[in-house]
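See below for the structure under consideration.
The values are calculated or read from the model by the stated rules, or taken from the named source; none is laboratory data. As the structure is a prediction and not an experimental result, all values here were calculated from the model. Methodologically, a virtual Cβ is constructed for each residue, glycine included, from the backbone with ideal geometry; neighbour enumeration extends over all protein chains shown.
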Amino acid sequence: MSSQSTRVCFVPCPSVDGSIRPPGSKSITNRAMICAALAVGESRLSGVLDSEDTQVMVQAWKQLGLNIDWDRDRNELRIEGCGGVLPNGKSDIFVANSGTTIRFLVAALAACHGEFTFDGVARMRERPIEDLLLGLQQLGADVKSIHPTNTNCPPVRLIANGLNGGEANVAGNVSSQFLSGLMMAAPYARTPVKLTVEGELVSKPYVEMTASVMRSFGCTVEQTKVGGYQIEAPRRYSGCGYAIEPDASAASYFFAAAAITGGRARVENLSKDALQGDVGFVEVLKKMGSNVAYGANWIEVQGRASHGIDIDMNAVSDTVQTLAAVALFAQGPTRIRGVAHNRHKETDRISDLATELRKLGAIVEEFKDGLEITPAALRSATLETYHDHRMAMSLSLVGLRIPDVWILNPRCTEKTYPKYFEEMGRFIGQSAIYD
């Protein structure tokens, strides 16, 4: 992709038929890096995703003085953990628009010692973080927003002197990353930590993912009877070798390509038992009429998603935009529920998504917690991405059936999948067209 490219499209194609191994999971990569960086001893991570979100995480830990070797050709990363004692205890950290980076790092560094500020791009200054800060304050952290007009958002100032431990409440209805950040920092508190979730917990599979990664590095999380989480402290992570799964959210685009064109897509090295809840997206396609098959080390989708459905996507909310692209070619409306928190992502993934779908000719009704998409005669369009990688990748799929569907700002996919358009092009047997 040329750095000068301002838009991209695919030419409509016949039924796809192929296999692919997407890059490593961003969610697991950044969780594993937090645990490895805080650990005692060396960790070797394989299958590491190379993207903007992971690059800013690596750069932050390097600024903090950690020794990190990243072999990008082999997708391997070696980290010499600090054991909770930072070589450099003072830093201004830039996180771009990476929610996992700022939310996980603020919590992790609160368990250490030093003085830090965290800031990012303009959109990051609009993304909520207050619930995380309140949780950390309950555990004894001196942390606050220094945003000039909105204390719910970054920039964040942290004067870290370790965490006392004890009990903290955390809201569950905006982002599960707040809870995950607190969980990963908790073993380094001075006393055990009990976290209570207030309200409905969104994207719960991501919290289960966090607990699994923590266990791999030697610390345990127990779920309480009332839906909270108990973490023993003080403890330390232990360095280890850790293999990162392919990204299930990235896999959703290839599964959707099969559902849209009536073809076949197999994703290698991903199984039904994967840590990532987004593997459940294939079951959504199954409800719409596609066939789904599982192997020991692969998942396959075959056949068109023929009819719309009414579905709660709370547990797989990062695939809502992918489903929206599929829904355009199904018979009857598709109602998506339970994703009000999607309004606080890289963009408003409900309102902005509705705007772009209407450009294509779809009938879209927007709700507080989702939207309803009714297929209609589709037309060519030039679509905005709002600097949102998932908007770009999902809406590009419409071009597999409709000519001249142009996606603006294709480089925004560098956030999680820098080579998406090249790899999707190879998968469908034709190169993407750049302009």
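Summary of values
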| quantity | calculated |
| --- | --- |
| Hey, R349 in contact with a helix residue (DSSP H, G or I) (Cβ under 6 Å, 6 or more places away or on another chain) and touching a residue at least 40 places away in the same chain (Cβ under 8 Å) or not | yes |
| Matching residues, the stretch 360-404, being closer than 17 Å to F10 by Cβ and small (G, A, S) | S380, A381, A392, S394, S396, G399 |
| One residue from D53, D69 being crowded, with 22+ Cβ neighbours inside 10 Å, outside the structural domain of Y386 (by TED's automatic domain parsing) and not in a loop (DSSP other than H, G, I, E, B) | D53 |
| Condition check for R358: at pLDDT 95 or above and surrounded by fewer than 20 Cβ atoms within 10 Å (Cβ to Cβ) | yes |
| Test: A362 is outside the structural domain of K204 (by TED's automatic domain parsing), under 17 Å from I260 (Cβ atoms) and touching a strand residue (DSSP E or B) at 6+ places or on another chain (Cβ under 7 Å) | yes |
| Answer residue from the stretch 410-430, given it is out of contact with any Asp or Glu (no Cβ under 8 Å at 6 or more places or on another chain) and among the polar types (S, T, N, Q) and is surrounded by the most Cβ atoms within 10 Å (Cβ to Cβ) among those | T413 |
| Boolean, T385 is hydroxyl-bearing (S, T, Y) and either under 23 Å from I309 (Cβ atoms) or in contact with a strand residue (DSSP E or B) (Cβ under 7 Å, 6 or more places away or on another chain) (or both) | yes |
| Residue in the stretch 298-306 that is part of a loop (DSSP other than H, G, I, E, B), at pLDDT 95 or above, surrounded by 24 or more Cβ atoms within 10 Å (Cβ to Cβ) and more than 19 Å from the chain's Cα centre (by Cα) present | yes |
| Some residue of the stretch 179-202 being acidic (D, E) and touching a Gly at 6+ places or on another chain (Cβ under 8 Å) | yes |
| Cβ pairs under 6 Å, 6+ apart, first in the stretch 310-339 and more than 16 Å from A376 (Cα to Cα) and assigned to a helix (DSSP H, G or I), second among the basic types (K, R) and modelled with pLDDT of 95 or more | Q321/R390 |
| Among the residues listed as N97, N88, the single one being buried (at least 23 other Cβ atoms within 10 Å of the Cβ), part of a loop (DSSP other than H, G, I, E, B) and not hydrophobic (A, V, I, L, M, F, W, C) | N97 |
| Odd one out for D352, checked against (1) under 21 Å from S203 (Cβ atoms); (2) assigned to a loop (DSSP other than H, G, I, E, B) | (2) |
| Test: S271 is without any contact (Cβ under 8 Å) to a residue 40 or more places away in the chain and not aromatic (F, W, Y) | yes |
| For A259: the one exception among (1) closer than 18 Å to A32 by Cα; (2) touching a Ser or Thr at 6+ places or on another chain (Cβ under 7 Å); (3) assigned by TED's automatic domain parsing to the domain that holds F427 | (1) |
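Listed here are the residues, each with its yes/no results for (1) in contact with a strand residue (DSSP E or B) (Cβ under 6 Å, 6 or more places away or on another chain); (2) more than 17 Å from A248 (Cβ to Cβ); (3) surrounded by fewer than 22 Cβ atoms within 10 Å (Cβ to Cβ).
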{"site": "V11", "(1), (2), (3)": "no, yes, yes"}
{"site": "P23", "(1), (2), (3)": "no, no, no"}
{"site": "N30", "(1), (2), (3)": "no, no, no"}
{"site": "E42", "(1), (2), (3)": "yes, yes, yes"}
